[in-house]
Amino acid sequence: MNKKLFQAACYLIAFGIILGAFAAHGLKDAFKIHSVQDAAYKLDVFEKGVKYHLFHAFALMVLAFWASGFDPKRLRLAVIFMLLGIVLFSGSLYFLSTVDLTGLTSIKPAIGPVTPAGGLCFIASWLMLAYGLRKP
């Protein structure tokens, strides 16, 4: 088992659960208090970020146990792409859905293109895993 990868996955999962709870409780109320337009849509966007975050954090946990089944270089690249996907895809969704609460609306146009880049990182990670699977 790759202990460092397992530990990183545990931290990411814990953080994802915290963000999910924040969305379910604090964010919904914050949207109401600040009269945020399209609050339901923005809450859905945030929760989509949490879903992808948690899904890929669990995948990293599985990889920690199954690391020996992959070419080490390709596994490392897959893990890097998966981590970048969490940061870029989920992180940009977290930011974009809460930008009205933070007052950072001026940088919103620069963050929008980050989301698809994160999605491409997720895709690259899964393709790298498929390519890096060792033959029996």
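The values are calculated or read from the model by the stated rules, or taken from the named source; none is laboratory data. Since the model is a prediction, treat every value here as computed from it, not as a measurement. Cβ placement follows ideal geometry from the backbone for every residue including glycine, while neighbour counts extend to all protein chains displayed. Each accessible area value is taken on the protein alone, full model and side chains, heavy atoms only, with ligands, DNA and RNA left out. Shrake-Rupley method; radii C 1.70, N 1.55, O 1.52, S 1.80 Å.
Report the charge-dipole magnitude of the chain in Debye, nearest 20, computed about the Cα centre from +1 at each Lys and Arg Cβ and -1 at each Asp and Glu Cβ.
I would put it at about 600 debye.
If you roll a 1.4 angstrom probe over the protein chains with everything in place, what fraction of the accessible area of the chain belongs to carbon and sulfur, to the nearest %?
Taking all protein chains in place, the chain shows 70 percent carbon and sulfur surface.
In debye, nearest 20: dipole of the stretch 24-96 around its Cα centre with unit charges on the Cβ of K, R (+) and D, E (-)?
The dipole magnitude comes to about 180 debye.
Between Leu60, Leu27, Leu104, find the one with the highest GNM mean-square fluctuation for the chain; connect C-alpha pairs within less than 10 Å.
Evaluated over the chain, the most mobile residue of the options is Leu104.
If you line up the Cα atoms of the stretch 64-136 on their principal axes, what length do they span on each, largest first, in Å?
Its Cα atoms span 53, 20, 14 Å along the three principal axes.
Rolling a 1.4 angstrom probe over the protein heavy atoms, how many square angstrom per residue are accessible across the chain?
60 Å²
Tell me the mean residue ellipticity at 222 nm calculated for the chain from its helices only (DSSP H runs of n ≥ 4, each -39500 (n - 2.57), averaged over every residue, nearest 500).
-24500 deg cm²/dmol
Which stretch or stretches of the stretch 97-136 have amide N atoms under 11 Å from the point lying 7 Å from Asp38's Cα along the Cα→Cβ direction?
Label zone hits: 97.
In the stretch 6-114, what is the volume of the convex hull around the alpha carbon atoms, normalised per residue and reported in Å³?
93 Å³
Å³ per residue of the Cα convex hull, for the stretch 18-77?
86 Å³
Of Ser92, Val114, Val62, whose Cα points farthest to the positive end of the dipole of the stretch 11-136 (charges on the beta-carbon: +1 Lys, Arg; -1 Asp, Glu; origin at the Cα centre)?
Towards the positive end, the residue furthest out is Val62.
I need to check one value: relative contact order of the chain, counting alpha carbon pairs closer than 8 Å and at least 6 residues apart, in percent.
31 percent
Farthest toward the dipole's positive end in the chain, which of Ala8, Leu43, Leu104, given Cβ charges of +1 (Lys, Arg) and -1 (Asp, Glu) about the Cα centre?
Ala8
Work out the length of the dipole vector of the stretch 1-45 about its Cα centre, built from +1 on the beta-carbon of each Lys and Arg and -1 on the beta-carbon of each Asp and Glu, and round it to the nearest 20 debye.
240 debye
By how many nm would the segment from Trp126 to Val62 grow when fully extended, if each residue of separation counts as 0.36 nm and the alpha-carbon distance is taken off?
So the chain would gain 21.7 nm between Trp126 and Val62.
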